Amino acid sequence: LALSDVSDRVVSSAAGAAFAVGAAPCALPPRSATLLAAADRWARPLLRRGRRYDVVTADPPWPSRSARRKGAYAAGWDAWRRPLRRFPLPRLASERGAVVAVWVTNDAKVADFVRRDLFPKWRVEYVATWYWLKVTASGAPVLAPLHQSPHLALPPGLAAVSLKESRYRPSSFI
């Protein structure tokens, strides 16, 4: 598939699927969907589907020196905060509760924004932080330059009417 085949549209699979976008291999688990779009365009295609989700994972375009140098996307604070705050996660999360995870950079301001601003706006309770350790093909940890970190954070939270009504429990994340 070309990048234009998957941009700005929900790609889903009932049974699971493996495919390539350009040279990049991709896989979708059974009964899942993915959306590759700018953060300000996430809501409309997902709401049109009329579905609610048990797991929502987001990988927003956070500001970074690299993004500013490349001019890949608007990296100013409001350029990414405003569309994320407007994202209607409560309308997309399952009524029975949902696990919500947002990839963050190793910038403490970004992680703090997700935990203290974004999650409350989305009615998500922060429960822990998972770390993805970057490894080589042989499984050895990647040794990053001094100004970089060999891991990325993924703080999960719970979206639910209340934790009593959720089928998920915070202790299952730690």
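Readers should treat all values here as calculations from the given coordinates under stated rules, not as data from a laboratory. The model shown is predicted, which means the values in this text are computed figures rather than measured ones.
Computed values, structure above
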{"read-out": "Potential lengthening between Lys70 and Arg31 on full extension [0.36 nm per residue; Cα-Cα distance subtracted]", "value": "10.5 nm"}
{"read-out": "Under-5 Å amide H pairs with Ala101, H placed in peptide plane, nonlocal only", "value": "Val56, Thr57, Ala58, Gly157"}
{"read-out": "Residues with amide H under 5 Å from that of Tyr53, placed H, sequence gap 5 or more", "value": "Ala93, Ser94"}
{"read-out": "Derived scalar couplings ³J(HN,Hα) [the range 106-120; Karplus, 6.51 cos²θ - 1.76 cosθ + 1.60; whole Hz; x for Gly, Pro]", "value": "8, 7, 4, 5, 5, 4, 5, 4, 5, 5, 9, 10, 5, 4, x"}
